[in-house]
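Heads up: the structure comes next, in structure tokens.
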Amino acid sequence: MVALQTAATLGFTRVGLESARAAEPDAVETAPAIVVGSGYGAAVAALRLGQAGIRTLVIEMGRLWNNPGPDGKIFCSTTAPDQRSMWFRTRTEAPLASFLWLDVVNRDISRYPGVLDRVHFDNMSVFVGRGVGGGSLVNGSMAVTPLQSYFTEQFPTVDATEMYSTYFPRARAMLGVNNVDPAWFESTEWYQFSRVSRKHAANTGLKTTFVPSVYDFGYMQREAAGTATKSALGGEVIYGNNHGKRSLDKTYLAQALGTGNVTIHTMEKVRAISRASDGTYVLTADRIDDTGAVVETKQYGCTYLFLGGGSVGTSELLVRARATGTLPRLDASVGAGWGTNGNVMLGRANHLWDTVGANQSTMPVMGIDDWANAANPVFAEIAPLPAGLEHWVSLYLAITKNPQRASFSYDSGTGGVRLGWSAAQSAVSVGMAKKLFDRINAANSTIYRYDLFGSSNKIFADDFTYHPLGGCVLGKATDNYGRVKGYSKLYVTDGSLVPGSIGVNPFVTITALAERTMARVLVEDTAP
Ligand code: FAE
């Protein structure tokens with residue numbers, strides 16, 4: 001592994017424009033390839049380009065998370081969030097907002113480019129990671145491969161046999177996917193919360209399944225034994241993990257930098273993309289400081305442009321480019337096909353004898369799998385609620401097969417995008433989650449928790465998603481390999497390719513699809 005380096009120290013140069021682009025501003029940094037973002041799709045693109053010997057610049061709007069704060073830690077915990085927690089906020093906005101209806105979860109913080117963002121649209125907000133590694137810095141590490149039958153339903157034009165024999169295994173190996181030791185799982189206090197939910201699922205006649213992870217379970221067992229610094233067992237997750245997690249900065253991106261061909265610029269947000277008369281791409285990016293102020297506006301040029309800003313980031317860039325006429329030939333389907341992966345969060349109240357444990361690992365390892373139920377397909381991850389005290393809450397993130405989709409549109413007033421998602425569309429996910437959990441409650445004589453999502457007795461948190469998917473759907477806005485329709489040498493490699501739903505946690509699918517795109521593009525599109 002190599003250490004990540006921040007910036008333009010790896011041979012990236014500032015050059016004048018060639019004559020063909022003389023109309024452009026006169027100081028443009030150029031590279032053969034530029035990758036926007038540094039999450040899963042972007043990291044795969046960067047590594048494979050670097051390995052192919054193509055000099056590549058990655059532009060990421062968040063920080064490089066490698067400097068410890070005054071407490072000696074890079075990231076803060078969920079129980080004691082500080083400025084490092086959230087992207088330019090004065091108060092944290094955790095998904096689970098209250099306990100016993102009390103506003104005891106969120107904290108006032110100072111504005112700073114923290115690692116977790118919550119992007120608000122009408123009726124829906126989207127949690128995303130900010131920093132080198134994107135969502136891998138903040139997510140729950142669950143590394144799930146979708147059912148082949150559902151993958152085929154969602155991607156009818158993709159060769160599923162090749163995906164399941166080549167690209168999914170490649171993605172899992174590169175991401176460092178591992179499984180919890182079942183014997184340890186059965187005996188440790190840290191997964192008592194999962195075992196209780198498993199029992200309640202079994203009482204309902206439902207099956208549960210172990211969920212693979214990119215959190216190092218060997219490390220977690222050492223945490224439990226007291227021989228390693230606690231991270232998953234120390235309440236760290238949505239604001240980053242200081243140890244144990246194989247986030248992209250430790251896997252794909254470290255290897256990408258190791259090729260010597262990849263440079264990462266941080267704290268730069270790409271805001272515009274256009275095409276020069278010679279067919280190269282021109283990007284405008286704002287460099288910001290720790291207060292969020294724009295300190296420089298930069299121009300970049302490249303031959304190959306890979307968009308990996310995530311479902312929201314990439315959709316925003318392309319919808320804006322089409323609306324403002326900088327990439328007018330983009331397909332009408334750009335911005336469409338967006339969904340929440342059917343996400344709904346909810347809690348159940350257990351009986352006094354069904355304790356979930358004061359000590360809980362932050363890394364989920366089990367799900368209730370009722371996806372095969374054609375009348376109401378749901379996969380519900382058994383989520384932790386680590387509070388350091390017994391609270392008798394079973395928490396879940398349900399992934400429902402919600403067919404509702406929405407589109408992004410350009411807002412000329414703000415220069416941003418709007419998302420046309422309605423509350424009624426969320427209600428479809430809630431209806432499906434409720435059907436499943438009503439059964440579980442009936443079989444166990446339990447009830448829902450009313451106190452976890454604010455003061456209004458809300459049972460189902462249906463106004464946010466962890467799994468934004470779509471906006472530049474494979475085979476619609478792009479060809480079958482992520483090449484954007486209407487423009488050559490412009491690619492999408494991230495979650496915006498997935499048509500709104502994949503039935504499980506999405507990052508393995510996003511990674512595998514990006515591997516498939518890169519394998520094809522490097523052979524067909526970069527030949528001299
Ligand atoms: P993503 O990882 O979001 O990366 C996009 C990157 O691009 C970010 O670093 C942005 O800062 C950057 N960016 C965006 N716009 C620009 C711009 N204009 N200029 C420069 N940079 C830009 O994209 N998934 C799972 O499979 N398992 C889990 O356990 C899981 N848990 C989650 C828990 C939380 C709290 C959250 C928020 C997400 C979770 N997810 C999980 C979802 C997963 O992290 C997400 O699907 C992927 O990170 C999406 O990967 P992308 O490559 O699409």
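Read-outs throughout are calculated quantities, based only on the coordinates presented, and are distinct from any laboratory measurement. Because the structure is a prediction, the values reported are computed rather than measured. Every residue, glycine as well, gets a Cβ built from its backbone with ideal geometry; the counts of neighbours run over all protein chains shown.
General remarks:
- Using alpha-carbon coordinates, inclination of helix 192-203 to the longest axis of the chain, degrees: 70 degrees
- DSSP-defined antiparallel bridges as percent of all bridges, the chain, nearest 5: 75 percent
- Mean projection area, nm², convex hull over Cα of the stretch 133-239: 8.9 nm²
- Against the chain, whose longest principal axis comes from its Cα atoms, helix 423-444 is set at around 30 degrees.
- For T478, net neighbour charge (Lys/Arg +1, Asp/Glu -1) across residues whose Cβ lies under 11 Å away: +1
- Net dipole in debye of the stretch 139-295 [+1 Lys, Arg Cβ; -1 Asp, Glu Cβ; about Cα centre; nearest 20]: 300 debye
- Computed over all pairs of different Cα atoms, the Kirkwood value for the hydrodynamic radius of the stretch 370-528 is 18.5 Å.
- Think of the stretch 429-528 as having a plus end and a minus end, set by charges on the Cβ of Lys, Arg, Asp and Glu; of S488, V508, I440, I440 sits farthest toward the positive end of this dipole.
- Ordering of 159-170, 246-257 by burial proxy (mean other Cβ atoms within 10 Å per residue, highest first): 246-257, 159-170
- Three-way shape label, the stretch 213-329, alpha-carbon gyration tensor, a/c 1.5: prolate
- Per residue, the convex hull spanned by the Cα atoms of the stretch 316-377 measures out at 196 cubic angstrom.
- Contact order, relative form, for the stretch 211-264: 29 percent (alpha carbon pairs under 8 Å, 6 or more residues apart, mean separation divided by residue count).
- Net charge over other residues, Cβ less than 10 angstrom from the Cβ of V36 (K, R count +1; D, E count -1): -2
- Leading residue at positive end of dipole, the chain (Cβ point charges), from A387, F75, G39: G39
- For the stretch 44-175, radius of gyration divided by Kirkwood radius, i.e. Rg to Rh on alpha-carbons: 1.06
- The H on the amide N of L116, modeled in the peptide plane, is under 5 Å from the matching H of M86, W87, R130, each at least 5 residues off or on a different chain.
- Judged by the mean number of other Cβ atoms found within 10 Å, the most tightly packed of the peptides 59-65, 282-288, 362-368, 223-229 leads the ranking 362-368, 59-65, 282-288, 223-229.
- Under the convention that each Lys and Arg Cβ holds +1 and each Asp and Glu Cβ holds -1, the size of the dipole of the chain around its Cα centre is about 380 debye.
- All C-alpha to C-alpha distances of the stretch 433-521, sorted into 5 Å bins beginning at zero, yield P(r) values of 3, 12, 17, 15, 11, 9, 9, 8, 8, 5, 2, 0 percent in whole numbers.
- Environment charge of F155, counting only residues whose C-beta is closer than 12 Å and scoring Lys/Arg +1, Asp/Glu -1: -1
- Against the chain, whose longest principal axis comes from its Cα atoms, helix 507-524 is set at around 20 degrees.
- Rounded if a/c under 1.5, otherwise prolate or oblate - the stretch 329-455, Cα gyration tensor axes: prolate
- The protection proxy used here, the mean number of other Cβ atoms lying within 10 Å of each residue, ranks peptides 304-310, 71-77 as follows, highest first: 304-310, 71-77.
- Cα centroid separation - the stretch 199-243 against the stretch 465-509, whole Å: 29 Å
- Computed over the chain, the Cα gyration tensor eigenvalues convert (square root of 5λ each) into semi-axes of 38, 24, 22 Å, ordered from largest to smallest.
- The stretch 142-157 - phi-based ³J(HN,Hα) in whole Hz, Karplus 6.51/-1.76/1.60, Gly and Pro as x: 5, 10, 10, 8, x, 4, 4, 5, 6, 4, 5, 4, 7, 10, x, 8
- Most positive-pole-ward Cα, M363, T152, S125, against dipole of the chain from beta carbon charges: T152
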